[in-house]
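Before I ask anything, here is the structure I am working with.
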Amino acid sequence: MSMSLIHNPTSRGNESDDSPDFVAKDGYYEKIGQELGKLVDEKQKAYGNSVSVSIDVLEAFLKPYEAEGFYNGEQTVYILPKSLLRHLLLQVRIIDKQCRIFSNPAGDLMGESPYRDIAGYGLIGTGTEENQESEE
């Protein structure tokens, strides 16, 4: 993203957006927010609301880990084995890609390949498992 910057007078003039010497002009973050909002709108239109579907799928997968006697009427408490934690992020990402496939079975509307992404997550998961085994 290319935007005008106000440079700190003591700076050397080569600061990036993440430099401690970076000072944004008025409206800088508002413009970023508008661009991000447009992107989210486009993705929601292309893929649907995968967040609510992903929550439903996760609740089904985590049902065996519900902690009996801990339900307080508002929230279900889950007790997860530590070994499951390393799988959760990859599984959520895979579920998200599956939502893309089911919401647009004729083809990805953003020109991406959810199957390539799923395969990539499979490779990452395999590497994680192999790394875990070598550490034991």
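Kindly list, by first and then second residue, each pair from a residue in the range 30-44 that is within 15 Å of Met110 (Cβ to Cβ) to a residue that is surrounded by 10 or more Cβ atoms within 10 Å (Cβ to Cβ), limited to pairs with Cβ atoms under 8 Å and residues at least 6 apart or on different chains.
Glu42/Met110; Lys43/Met110
Let me ask something additional. So Gly27 passes all but one of these: (1) at pLDDT 90 or above; (2) closer than 29 Å to Asp117 by Cβ. Which condition number does it fail?
Going through (1) at pLDDT 90 or above; (2) closer than 29 Å to Asp117 by Cβ one by one, Gly27 breaks only (2).
Okay, next question. Between Gly107, Gly122, which is outside the structural domain of Leu39 (by TED's automatic domain parsing), outside any helix (DSSP H, G or I) and free of Cβ contacts under 8 Å to residues at least 40 places away in the same chain?
Gly107
Within the range 84-96, take every residue that is touching a Ser or Thr at 6+ places or on another chain (Cβ under 9 Å) and not aliphatic (A, V, I, L, M) and give me the one that is farthest from Glu66 (Cα to Cα).
Asp96
Among the residues that make up the range 10-19, is at least one of them at pLDDT below 85, within 23 Å of the chain's Cα centre (by Cα) and farther than 27 Å from Gln132 by Cα?
yes
Let me ask another. For Val23, all conditions in the list (1) in contact with a strand residue (DSSP E or B) (Cβ under 9 Å, 6 or more places away or on another chain); (2) part of a helix (DSSP H, G or I) hold save one; what is the number of the exception?
Only one criterion is unmet by Val23, namely (2).
The values are calculated or read from the model by the stated rules, or taken from the named source; none is laboratory data. Because the structure is predicted, anything quoted here is derived from the model rather than measured. In this analysis, Cβ positions are derived from the backbone assuming ideal geometry, glycine residues included, and neighbour counts consider all displayed protein chains.
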